[in-house]
Structures are given as C-alpha cells and as structure tokens.
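Single-structure report; data block below.
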Amino acid sequence: MNVWRRLTGPRRALALAGAGALVAGGLVTIPGTAAQAATQCDIAYTSNDWQGGFTANITIKNVGDPLNGWTLGWTFPNSSQRVQQGWSATYTQSGSQVTARSMSYNGTLATGASTSIGFNGAWSGSNPKPTSFTLNGVACNGGTTPPTTSPPTDPPTDPPTDPPTDPPTTPPPGTKVDNPYVGVRGYVNPEWKAKADAEAGGSRVSNNPTAVWLDRIAAINGTPNSSSNGAFGVKEHLDEALRQGAGYIQFVIYNLPGRDCSALASNGELGPDELPKYKAQYIDPIAAIQSQSKYSSLRIINIIEIDSLPNLVTNTSGQPGGTVMCDTVKANGAYVNGVGYALAKLGAIGNVYNYIDSGHHGWLGWDSNFNPSAEILKTAAVASGSTVNNVHGFITNTANYSALQEPYFKVTDNVNGQTVRQSKWVDWNYYVDELSFAQAFRTKLVSLGFNSNIGMLIDTSRNGWGGSARPTGPGAMTSVDTYVNGGRIDRRAHLGNWCNQAGAGLGERPRANPATGIDAYVWVKPPGESDGSSSEIPNNEGKGFDRMCDPTYGGNARNGNNPSGALGNAPISGAWFSAQFQELMRNAYPAL
C-alpha cells in the first residue's frame, strides 16, 4: 500500500564533487581615490574546477558606506576563461575583463552586509583564479593566497577591545524553538525557481520554499549535468539561504543502504551492506557542513529518509509484493541503524531539526500497519546512540498525492447500513485523508515515548486536486461506493498509485501552524520534478524504470490491480516534467 516516488532536486548544470575549491585570499580593504573613498570591499572567490569547466561563487562584503547598486569587476588571468551562465547578477565580458552588475533585489548593501553571486564558466589550458577585483571602480582585496597573518573578518569595532562578532568555531548547543517554521521566511531554491520561472505562469508559485534533495554522495558538493540535482551543493545552498535572509532551509536526507527496498525507479547508490559508507561518506560530511558556525543563525530542517522504515513492516516476506531486499535490510539493521546514526549525528547540531518520514494514510492507515510502523520509528530513534530528543517531528505524504482533507465524507459515515470503511476506495482503512492520519499518528508516537511537543509536517506540493473534476458535494447515496466515489477529492484510481498522477494539482502553499499538532504544510517534493519515466530510458544517473510510471500498466496487488494513472511522456525521476508542472498549476487548490 505504500508509494514510491522519486528523487527530486533542482539543477543548474556544472560543478563537480571533489573538485578543488579554494577561498580567495585575505580580507583587505583598499580605498580608492578621495572621491571614491567611501567604497570599501572584501571579496571571497571560490571555484569548483574540472577539465574545461568550472562553477565560481563570489561573496561581496561591503565594509564602507552603504551602497545602493554595485558593479563588480575583475580580469581573468587566462584569456580563454569565459563566463557562460550566471546568477544573482547581470554579467558582461569583453576579452578577459568581466563585470557583474547588481540585481534589483541585492543592490542595496549596508555597511558590513554581504551578498553572493555565481556563474558557470569554461576554460582551456589552465583556470587560474582572478587576483584583483573592483567594486564601483574601487579596488578590493584580490588574490588567491591567504595573508601571512589572519586579518579580522568583521569591520573594526569601537573601542578596539570589543570581542569579535563572529560566532566561535564550534558554537555551543543552541536552544531549539518549538516550531522552526514560525516567524521566518523559507529558503527559495534558485535552481528550482529558475525552472519554474521558465514555465508560462510559473512565477505565480516559484517563490515558494521547496526542499533540497540529497539523493547521493555526490549531491553534497553538487552534481554537474544531472537531472535530479544541480550545481549547488549543501554549502552553496546554505550560503544562498544566508544571502536571501531566509530563516529556515529544508534538506531531504535520502541515501540509505539498499534504499527504497521495494522500488524500481528510485533505488539508491549504496548496497544493503554499505552502512559504514553511508555513515562516513554521506552523513558525516553533511553534518560537518551543517555544523559550521556561519550557518548557526539558520534553522536547518532535515527530512530523514523517505520511504524507508515502514517498508520493514509492509514489504517484507509474507506481505503482498514483499521483496528480498526489504528482508535483507530488515535482517541486517541497515535502515534502523542508518536512520539512528543520521538522527544522532545531525541532531547534535544546535540549529538542526530532524523530521522522520512516516508514510501516508493510504499506506499505514490500517491497524496492521499503523501500530507496527510507529513502533519501528521508535526503535530507529533510539538506535546507534540516538535518543528521542534528536527527533523534532515527523512528516507524512512526502512526494505523494493523498488529499489533505476529504470534506464530503467521514470514516464514520454509513450508507444503506454499510460504513464508509467498507467502500472499495477506503478498503477498511481507518483514515480517509492526511490531516486526520497525521494528527492520530502523532498521538500514537507520543504514547510510545516521543516528546509531547513533537510536530507533524504534511507535504502538500501535489495533493490539491482542484480544477473542473473537483467534487462540490457528497456523492449519491445509492451505495457506499457511489457516495464515496462521487464526493472524494482524491481522484486517483487507487491510493497505491504514486507516479506522476494525472489530474493532480498544487496543494496548500507552505505555511506554519495550519492545524492542531501540525508544524507546517510544506513543499518537500518540488512541483514539476518527475517521479519516474513512463518507459525505460537509458541513463547514467542510476534511475530505473517502474511499471507504475507507465500509463498503460494495469496494476498489481499493491494497487488493487488498477490502472497506474500515470501521465505519459515522463522523463526519469527528478528530471523536469513541464507537462506535469502545467497540469499541477491548472488543478491547484486553492486555485492560483
């Protein structure tokens, strides 16, 4: 009864994991002429380089008088170096000379304020870093060699005996807020935003915060030319969040050994016995970046391992569609110990909030799944040295389509002596929508020993089900099936259908405290990114093919042998699916 969705993640193209990134030299301010003396600046230039290409990021810090508009200039040392695609500035290049002019949203820089820009570039022969920069014609620090002595990173203080304003290298553990979504703006991923903005009407939704999916080790540093990630790695996203003035940023931690043990379109890169590699090469590097003191002002929200732990309840031997892989990761503890390790490592960071994925009502709403799944979530929360204190909450409906609320029927309704639970659609489930399930599941989790203030998240990115097909009242009372089918918001053929569902729409926009026990409605699955390809597409990204993504597929035991309901002509999981994005906007509820 569970659903298998796929890896998401924005892209911009270019950037290589393991490429040599160097921060440009010392922070030195060099005043210009008397007429320009009020402009002073520090520049930090970093790049990820590979043969023939690179991604550069530049941080501009104003240490002079406030600026209202700026132009950054530099000269490439090699005449072959070229800017190809840039962001957060308007770029022009003449020969080796480059200028980057501010945008409307980042041109104002107060004294001490910083902004970051970047670009993808090309080179031949060699790719030396620029050694000098100007801001509004005034020389800034340049060079790529750090100074002999470390200068201060803040403007001079008065009196000079004041302590530095930068936080310590290892900040003390922070006091977490009750709800990290309250009172602050969410991070807008510029890579997803660019794709949404390129669609007709996409600007209506492109400023909504979406999650960044880390589906492989390489995604930590950014993956070039990838369908499901982009040039930005964890550090670049965090830096951009600071530049935006965002209060929170969301990451999906998604790379367990033997990942998605019952799936085909979304299997991961790690084998079921590679838990040590998961810890050392995936979780540890993410924790090292997220714990850097420069990000301590951000609320970093980690969505922990989609479609993992409930598989150990519903998709092992003896269950319909049970798999050998699910048996293996249950027996060797890869999922339980992997999740426990991630919780312990990331939860130790004072400004990090962990939410564990907990399926959805169409998967876990039966007692046979509901209670055992809650129990295995508790087992993982105290595995590998973790405690329940590392769990801030749980998320339901991640990348799924289950309706937030069904307004026209309740699980307690009766028609001609039959309960709604007896309808083919509900199929004896105890829940008919995500909100009621999430609230009930929260109560169960607290009863098992999780903290009483845990909060739930619900992914509403694609569960709006608006448009002309949306019912406006209950179905006919002829039978329990006509009553439910005529009035249900969720228009799928079966709750087990999960891939690129036809007729779906954008759901509630992200917002905090929408209902009792719910920390936020969130868009964890970035709308417009495919769940999987409609037919097998050869690729070098490890993306498989699942018949549930084939619109001609007649189904299996998991979806009651119903048609898949998938859209045609879909690309591989995580790739941009323009037709779906347009349909999601057309069927948005609330409407755009």
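Results, tabulated for the structure shown:
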quantity	calculated
Every pair of residues 6+ apart whose Cβ atoms lie under 6 Å, when the first sits in the stretch 49-60 and is within 11 Å of THR115 (Cα to Cα) while the second is open to solvent by 10 Å² or more (accessible area, probe 1.4 Å) and not hydroxyl-bearing (Ser, Thr, Tyr)	THR59/ALA44
Members of the stretch 57-81 found to be small (Gly, Ala, Ser) and not in a loop (DSSP other than H, G, I, E, B), listed by number	GLY73
Residue in the stretch 403-424 that is under 23 Å from the mean Cα position of the chain (by Cα), open to solvent by less than 20 Å² (accessible area, probe 1.4 Å) and polar (S, T, N, Q) present	no
Filtered residues of the stretch 112-127 (kept if open to solvent by 50 Å² or more (accessible area, probe 1.4 Å) and more than 15 Å from TRP50 (Cβ to Cβ))	SER114
The stretch 82-100, residues that are of a type outside the set (Phe, Trp, Tyr), within 15 Å of ASN57 (Cα to Cα) and either modelled with pLDDT of 85 or more or outside any loop (DSSP other than H, G, I, E, B) (or both)	ARG82, VAL83, GLN84, GLN85, GLY86, ALA89, THR90, VAL98, THR99, ALA100
Number of the exception - GLN319 against (1) surrounded by fewer than 21 Cβ atoms within 10 Å (Cβ to Cβ); (2) out of contact with any Pro (no Cβ under 7 Å at 6 or more places or on another chain); (3) part of a helix (DSSP H, G or I)	(3)
Residues of the stretch 348-381 satisfying the condition of being surrounded by fewer than 21 Cβ atoms within 10 Å (Cβ to Cβ) and of a type in the set (Ser, Thr, Tyr)	SER368, THR379
Candidate set: the stretch 322-347, residues that are at pLDDT 95 or above and assigned to a loop (DSSP other than H, G, I, E, B); chosen: the one most open to solvent (accessible area, probe 1.4 Å)	ASN332
All helices (runs of 4 or more DSSP H) inside the stretch 187-303 with 1 or more residues being surrounded by 24 or more Cβ atoms within 10 Å (Cβ to Cβ) and of a type in the set (Phe, Trp, Tyr)	190-197
Within the stretch 174-198, considering residues that are over 15 Å from the mean Cα position of the chain (by Cα) and among the polar types (S, T, N, Q), the one farthest from PRO209 (Cα to Cα)	THR175
Test for ASN429: is it over 23 Å from the mean Cα position of the chain (by Cα) and open to solvent by 20 Å² or more (accessible area, probe 1.4 Å)	no
Residues of the stretch 307-332 satisfying the condition of being closer than 20 Å to ARG547 by Cα, touching a residue at least 12 places away in the same chain (Cβ under 8 Å) and among the aliphatic types (A, V, I, L, M)	MET325
Enumeration of residues in the stretch 520-536 that are more than 13 Å from the chain's Cα centre (by Cα) and either under 18 Å from SER402 (Cα atoms) or open to solvent by less than 10 Å² (accessible area, probe 1.4 Å) (or both)	ALA520, TYR521, GLY528, SER530, ASP531, GLY532, SER533
Residue within the stretch 447-455 that is open to solvent by less than 40 Å² (accessible area, probe 1.4 Å), modelled with pLDDT of 95 or more and of a type in the set (Phe, Trp, Tyr) present	yes
Residues of the stretch 537-550 satisfying the condition of being more than 16 Å from GLY574 (Cβ to Cβ) and open to solvent by 60 Å² or more (accessible area, probe 1.4 Å)	ARG547
Per-region count, the stretch 551-578, residues part of a loop (DSSP other than H, G, I, E, B), open to solvent by less than 20 Å² (accessible area, probe 1.4 Å) and either free of Cβ contacts under 8 Å to residues at least 40 places away in the same chain or over 23 Å from GLU191 (Cβ atoms) (or both)	2
Condition met for ASP307 (at pLDDT below 95, out of contact with any strand residue (DSSP E or B) (no Cβ under 9 Å at 6 or more places or on another chain) and within 23 Å of ILE458 (Cα to Cα))	no
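Residue-by-condition table, conditions (1) more than 33 Å from the chain's Cα centre (by Cα); (2) crowded, with 24+ Cβ neighbours inside 10 Å; (3) closer than 24 Å to ILE253 by Cα:
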position: GLY393; (1), (2), (3): no, yes, yes
position: SER461; (1), (2), (3): no, yes, yes
position: MET477; (1), (2), (3): yes, no, no
position: VAL480; (1), (2), (3): yes, yes, no
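The values are calculated or read from the model by the stated rules, or taken from the named source; none is laboratory data. Computed from a predicted model, the values in this text were never measured in an experiment. Neighbour counts run over all protein chains shown; Cβ positions are idealised from the backbone, glycine included. For the accessible areas, the whole protein counts, side chains as well, though only heavy atoms, and no ligand, DNA or RNA atoms are used. Shrake-Rupley method; radii C 1.70, N 1.55, O 1.52, S 1.80 Å.
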